[in-house]
Amino acid sequence: MQPAPLSTYQLGRIQSLPILRLVSIGAYLDGGIQDILLPLRYLPEGAKEGDMVSVFVYHDNEGRLIATTLTPLAQVGEVAYLRCSSVTDVGAFLEWGIHKDLFVPFREQSTKMQEGYSYIVYLYIDTLSGKIVGSARLSKHLDTMPADYAPGSKVSCIVTEQHELGYRCVIEDKHWGLLYSDTAPRMLQRGERIEAYVIRLREEDNKVDLSFVPVGYQKVDGEQARLLTILEKHHGRLPIG
């Protein structure tokens, strides 16, 4: 008896899958344990059997696996700022960038979502339904293990809210961080994506302190480059008394 094939597709992630066969409604991709339909409107022109296609795999409204070449606004394991398109008796639906909205059940809403407003959510696969859902209860899903970022390293962040000392952020879709406002050159907006520098790791709560500008020698190097640029613009001379 042949062993069951292993799944080669990743739900909720962009990946390359081979075309098994072409059909009138599109193409079926090799998903390992299950063939996945790529609708005709997404099939690349001139595609043939055996070609690899970069796709995003999700469930359609009827619960069937479907593939698309559209790029979603967020993948599983990521945090995103998405606009609510509708609210129903079972939860809210957020615009996702593909031909399906992201479902956020009421139990995963920190406050009741309203149509037309935008919310920061974490995408994950629900263990009961096996489908991709969103959650505004970020602390429930972010990594509880201590962060291992080196002080001075540059990280990608999304701003979640203002704080008395600055801005609360999610770092690399995994950890909470605090960006101090005295290092920010301007006001930041909720949902804005920025790059920041790690100042220190806080052992008492596993959070990360952040700065908008490099620290230590990195800051010196950055100021040195800035000064050299100014000197070049002024032909090597500055009118400093």
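The values are calculated or read from the model by the stated rules, or taken from the named source; none is laboratory data. What you are looking at is a predicted structure, and each value in this text was computed from that prediction instead of being measured. Cβ: placed from backbone, ideal geometry, glycine included. Neighbour counts: every protein chain shown. Just so you know, the surface numbers come from the protein's heavy atoms only, side chains and all, with ligands and any DNA or RNA stripped out. Shrake-Rupley method; radii C 1.70, N 1.55, O 1.52, S 1.80 Å.
Calculated from the alpha-carbon coordinates, the chain shows an Rg and a Dmax of 23.0, 87 Å respectively. Start at zero, step by 5 Å, and the Cα-Cα distances of segment 54-196 spread as 2, 9, 18, 20, 19, 14, 9, 5, 2, 0, 0 percent across the bins.
Only DSSP H runs of four or more residues enter the estimate; each adds -39500 (n - 2.57), and after division by the residues of the chain the mean residue ellipticity at 222 nm equals -2500 deg cm²/dmol. Computed packing ranks the peptides 60-67, 41-48 as 60-67, 41-48, most packed first, by mean other Cβ atoms within 10 Å. For the listed residue pairs 112/154; 100/154; 154/207; 112/140, the alpha carbons are over 26 angstrom apart in 112/154; 100/154. Once the chain from residue 189 to residue 76 is taken as fully extended at 0.36 nm per residue, the excess over their C-alpha distance is 38.3 nm.
Rg and Dmax of segment 72-123, based on Cα coordinates, read 9.9, 26 Å.
Expressed as a whole percent, the accessible area of the chain that falls on carbon and sulfur atoms is 52 (1.4 Å probe). Accessible surface area normalised per residue over segment 1-113 is 55 Å², counting heavy atoms of protein chains with a 1.4 Å rolling probe. Cβ screening of the chain for cysteine pairs under 4.7 Å finds these without a partner: 84. Computed over every Cα-Cα pair of segment 1-103 and binned at 10 Å starting from 0, the pair-distance distribution P(r) comes out as 14, 43, 29, 12, 2 percent. Each label point was placed 7 Å from the Cα along the Cα-to-Cβ direction; for residue 8 and residue 162 their separation is 5.2 nm. Highest GNM mean-square fluctuation among 185, 105, 151, for the chain modelled with Cα contacts below 10 Å: 185. When you count the other C-beta atoms within 10 angstrom of each residue and take the mean per peptide, 204-213, 122-131, 77-86 line up highest first as 77-86, 204-213, 122-131. With respect to the chain, whose longest principal axis is taken over its alpha-carbon atoms, helix 217-233 is tilted by about 80°.
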